[in-house]
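**Q** What follows is a single structure, and I will ask about it in a moment.
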């Protein structure tokens, strides 16, 4: 079956996702239209294609243990000079993202891996472009903000054309078992 390159991320919902993708393209980032706007939980990882069912089962378990949380983006940051990236900062939801990415990369799971850099949740808006354009991205999005309730994450595969395509969504929380009083646990998703 060969290998595939996968990633796991939290999608930035509309209208924010398209707006940031268009801005990224406008700064001259040629990869912008092949990468849905997201917060990474598992960076691009090459795996044996035959492992996909086990990876999906693992991600279902991770999602079942998760609960919706507020996500808020505000302002810009950069990894320069260490890495040629400008990003919009995750100012609320970062702890939950950190917990999730640890669960996804759990040493006992099918996608256990070390990271090249310490995990820092963010939304990339410029990567590997000229310094002047990086500066422009940093300045022009400095006042940008968005917020939404994060209710899950998704598994993506990078095609031979370099475009990332969603394979499957994973919603937080499994069926909720009501307490004996019949109350639904605060913050959990009721079963439909």
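Read-outs throughout are calculated quantities, based only on the coordinates presented, and are distinct from any laboratory measurement. This structure is a prediction, so every number in the text was calculated from the model and none was measured. As a convention, Cβ positions derive from the backbone with ideal geometry for all residues, glycine included, and neighbour counts pool all protein chains shown.
**Q** Quote the FRET efficiency, to the nearest 0.05, computed for residue 50 versus residue 163 with a Förster distance R0 of 30 Å and r equal to the Cβ-Cβ distance. Spell out each step's value before the answer.
**A** Working: r = 23 Å, r/R0 = 0.76.
The calculated FRET efficiency here is 0.85.
**Q** Would you mind telling me which residue in 117, 27, 69 has the biggest mean-square fluctuation in a Gaussian network model of the chain, where springs connect alpha carbons within a distance under 10 angstrom?
**A** 117
**Q** For region 26-76, place one equal point scatterer on every Cα, skip the solvent, and apply the Debye formula. What is log10 of I(q)/I(0) at q = 0.14, 0.20, 0.22, 0.31 Å⁻¹?
**A** Per q value, in the given order, log10 I(q)/I(0) is -0.64, -1.02, -1.08, -1.24.
**Q** Taking neighbour counts of Cβ atoms within 10 Å as a proxy for exposure, in what order, fewest first, do 82, 60, 42 appear?
**A** Fewest to most other Cβ atoms nearby, the residues stand as 82, 60, 42.
**Q** Turning to a different aspect of this structure: Ordered by packing density, taken as the mean number of other Cβ atoms within 10 Å over each peptide's residues, highest first, how do 6-12, 101-107, 83-89 rank?
**A** Result, highest mean Cβ count within 10 Å first: 6-12, 83-89, 101-107.
**Q** Further question on the same structure: Could you tell me what a quarter of the Cα convex hull surface of region 3-171 works out to, in nm² with one decimal place? Provide the component values of the computation, followed by the final result.
**A** Numbers: hull surface 36.6 nm².
The number I arrive at for region 3-171 is 9.1 nm².
**Q** A further question on this structure: Taking 0.36 nm per residue of sequence separation and subtracting the Cα-Cα distance, how much length would be gained by fully extending the chain between residue 95 and residue 33, in nm to one decimal?
**A** That works out to 19.5 nm of additional length.
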